[in-house]
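Just so it is clear, none of the values below were taken in a lab; they were calculated from the coordinates. Computed from a predicted structure; not experimentally measured. Quick reminder, even Gly has a Cβ in these numbers, built from the backbone with ideal geometry, and neighbours come from all protein chains shown.
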There are 2 protein chains.
Amino acid sequence: MTSNPTWVLKRFPTGMLSPDDFGLEDRDAPVAQRGELLVRTLWLSVDPYMRGRLSPAKNYAAGHKIGEMMVGGGVGEVVVSESPLFQPGDIIQADDFGWQPLTTVSAKTALRLDPAAAPVQTSLGCLGMPGLSAYFSLLHVGRPKQGETVLIPAASGALGQIAGQIARIRGLDPVAIAGSDAKLDWCKSIGYRTGINHRTTGDLTGAIARACPSGVDVFLDNTAGPIHDAALLNLNTFGRIVVVGTVARADRFDQPDIGPRFLRRILVTRARIEGFLLDDFEAQYGEARQQLTEWYQQGLLETREDVAEGIEAAPLALIRMLKGENFGKQLVRV
Amino acid sequence: MTSNPTWVLKRFPTGMLSPDDFGLEDRDAPVAQRGELLVRTLWLSVDPYMRGRLSPAKNYAAGHKIGEMMVGGGVGEVVVSESPLFQPGDIIQADDFGWQPLTTVSAKTALRLDPAAAPVQTSLGCLGMPGLSAYFSLLHVGRPKQGETVLIPAASGALGQIAGQIARIRGLDPVAIAGSDAKLDWCKSIGYRTGINHRTTGDLTGAIARACPSGVDVFLDNTAGPIHDAALLNLNTFGRIVVVGTVARADRFDQPDIGPRFLRRILVTRARIEGFLLDDFEAQYGEARQQLTEWYQQGLLETREDVAEGIEAAPLALIRMLKGENFGKQLVRV
């Protein structure tokens, strides 16, 4: 049997994740059952939604159990196929990769990739879950009109970098919020009109007002916290807030979020605040993926990856992404 | 000249309104200018939106100034018409009645009433602003589907009593929240399935869970405050909160509303929270008024009024309505 170092959840994090919440176990390679594929892991994805699963609280994603293997999106090469849909040598993307070099995934939800069409790890970024999330949250929930200002935090992250470029392609006015000047410079180079460094700006509300002189029409809220508050105070009449994530609260995940509420302002502005979950758009994945691939092949979607090396790096990659220390889509190359 | 006791704003209220915020001045009867009507006031309406106007803060309604006459919805008989649209003796409804027995209104926005069709004061209630607000906020913003549970606070109030009955007519499942058992009994008699007395219920969240065993699909939020919080915790996936008013905060109107925020829950449930302002539906008033009048004449809309007598009573009528001490649509008979 092959040695197969495997990350498991040792305990539920309290506040921000710690490396000690995870344990690396020396397991045997798993065996593919009927309908499964044994896959050699090439890439693992770490994503904000994972914070929600690492909690005993009810969530939209099924929760991890203590002692259970960490699971997430990945790309790999099929070694053994127990499904007529795939053959050894196929490169596939799936959302149920174990955090281990050899893992089994369900053939039913796996996606065969064409390495000639785009680098295979884009299926975890601009052509995968973050790209689809950007596409549907901005266009289908935010429903922006020509020329409207779209404010996007974590703007160089996996979702933000694609959302900003879709906004540019669609004739909108994208404004970035990010945690460093280097990130903002890159955001501007890919099409954001301007940006705000939320770590060095004292008065976030004022900074948004200056960066968005016509106000904010759509706020793609993937952070919650103080950025949400400042954006809401700049929201135009009939403005929209699409609640995509709450990563700013990753360190206080299970604590109540106490702060100013804005019902009066929502009333006065007739704002719309709406939660977004990608799964709801599954029926339309095909057309969105086709559109994103087209834009990518036309050179309209630039991407930036932040790659951690080796299976050992997976928990730290997740933690730095939740802290906003990554620059670009955070990946692990196994 | 006729003596014409007239209410003016003496100072901006801090917190809950006080009778001392208003002064009764002995003015002369006004004179109608071109395009205006001199009207003998029959009924005045006091409504939650008035709290917002009595503030120096920016709001959706133009603010009152200190020393200025109080203004609101009313019904009256035309005495002098400086408009070809109306004649002396016409009974009209308008939104710019001064709080005085003889007042002038703009002919352009006045509405001629047919006293044979319905009691004229219904133009301030079920066939007027509160009825239209109930109609559009529930049906056009809440967009309920057959059989869905609709939770309505201030359920015996001007808006709530109509919203509950529209919900019943449309095959929905209306649940009342009100401040007394007598109000709840009446709510059930007009079509609410059940109700919750928020003044005697310790655990509002649990009470809503018991009253709404299938969860809350649409919450017609005309209160904000603790009722909003408890409703949100019972909101179904894809639930909708229509923000119609914030009357529970009438006593802390200009203070920040600090408390639990629910972005994570909005994300998980894909809830939609949307502000409502009646003016946005002006183009559709005609059809809604026709539908409401039809239901009223078919006996499908029961109404209950709480009538204060005499122009002197106007400020106290407004205050008791803001405190929830009224039982039914609060009116002043002049």
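Summary table below
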quantity: DSSP bridge orientation in the protein assembly as shown - percent antiparallel, rounded to nearest 5; calculated: 60
quantity: Virtual spin-label span in nm between B:Lys65 and B:Val80, 7 Å along Cα→Cβ; calculated: 2.4
quantity: Pairs beyond 29 Å (Cα-Cα), from A:Lys108/A:Lys188; B:Lys108/B:Lys329; A:Lys10/A:Lys329; A:Lys10/A:Lys323; calculated: A:Lys108/A:Lys188
quantity: Long-range Cα-Cα pairs in the protein assembly as shown (distance over 51 Å), rounded percent; calculated: 23
quantity: Residues of the range B:269-284 with amide N under 14 Å of a point placed 7 Å along Cα→Cβ from B:Ala117; calculated: none
quantity: Charge sum, other residues only, whose C-beta stays under 15 Å from A:Tyr285's C-beta, Lys/Arg counted +1 and Asp/Glu -1; calculated: -3
quantity: Backbone HN-Hα couplings from phi across the range B:200-210 [Karplus 6.51/-1.76/1.60, Hz, Gly and Pro as x]; calculated: 10, 8, x, 9, 5, 4, x, 5, 5, 4, 6
quantity: Cβ-vector label at 7 Å, B:Pro256, separations to other copies in nm; calculated: 1.7
quantity: Cross-link partners of B:Lys145 among lysines (Cα-Cα below 20 Å; sequence separation of 8 or more within a chain); calculated: none
quantity: Top positive-direction residue, dipole computed over chain A with Cβ charges, set A:Gly239, A:Asn4, A:Ala314; calculated: A:Gly239
quantity: Cα→Cβ-extended label distance, 7 Å offset, between A:Glu287 and B:Thr109, nm; calculated: 4.2
quantity: For B:Asp306, distant residues with modelled amide H under 5 Å away; calculated: B:Lys329, B:Gln330, B:Leu331
quantity: In the range A:280-334, GluC sites (Glu not before Pro) in a DSSP loop with at most 15 other beta-carbon atoms within 10 Å; calculated: A:Glu302, A:Glu325
quantity: 3J(HN,Hα) from dihedral phi, the range A:282-291, Karplus parametrisation 6.51/-1.76/1.60, rounded to Hz, x for glycine, proline; calculated: 3, 4, 10, 4, x, 5, 5, 4, 5, 5
quantity: Cleavage-rule hits (trypsin sites (Lys or Arg not before Pro)) in the range A:4-57: DSSP loop, at most 10 neighbouring Cβ within 10 angstrom; calculated: A:Arg34
quantity: Percent of beta bridges antiparallel (DSSP, chain A, rounded to nearest 5); calculated: 55
quantity: Translational diffusion of the range B:129-279, µm² s⁻¹ [Kirkwood Rh, Cα pairs; Stokes-Einstein; 4 °C; 1.567 mPa s]; calculated: 86
quantity: For A:Arg168, net neighbour charge (Lys/Arg +1, Asp/Glu -1) across residues whose Cβ lies under 12 Å away; calculated: +1
quantity: Length-normalised contact order of chain A in % [C-alpha pairs under 8 Å, at least 6 apart]; calculated: 18
quantity: Unit charges at the beta carbon, dipole of the range B:129-279: most positive-side option, B:Ile196, B:Pro144, B:Ile227; calculated: B:Pro144
quantity: Label point 7 Å beyond Cα along the C-beta direction, distances from B:Pro119 to other copies (nm, shortest first); calculated: 7.5
quantity: Computed over the range B:211-332: relative contact order in percent, which uses C-alpha pairs under 8 Å that are six or more apart; calculated: 20
quantity: Chain B, closest residue to the rotation axis toward A, by beta-carbon, whole angstrom; calculated: B:Ile273, 2
quantity: Residues in the range B:148-169 that a label on B:Ser214 would reach, taking backbone N under 20 Å of a point 7 Å out along Cα→Cβ; calculated: B:148-153, B:163-169
quantity: DSSP bridge orientation in the range A:129-279 - percent antiparallel, rounded to nearest 5; calculated: 0
quantity: Backbone N within the range B:74-100 under 18 Å of label point (7 Å from B:Val31 Cα along the Cβ vector); calculated: B:79-83
quantity: Three-way shape call for the range B:36-141 based on the alpha-carbon gyration tensor, with the a/c threshold at 1.5; calculated: oblate
quantity: √(5λ) per eigenvalue of the Cα gyration tensor, chain B, largest first, Å; calculated: 35, 22, 17
quantity: Label distances, nm, B:Phe238 versus same residue in remaining copies, Cβ-directed 7 Å point; calculated: 2.5
quantity: Karplus (6.51, -1.76, 1.60) ³J(HN,Hα), θ = phi - 60°, over the range A:147-159, in Hz, Gly and Pro reported as x; calculated: x, 6, 8, 10, 9, 10, x, 6, 6, 9, x, 4, 7
quantity: In nm, spacing of pseudo-spin labels at A:Glu302 and A:Glu325 (7 Å Cα→C-beta vector); calculated: 2.6
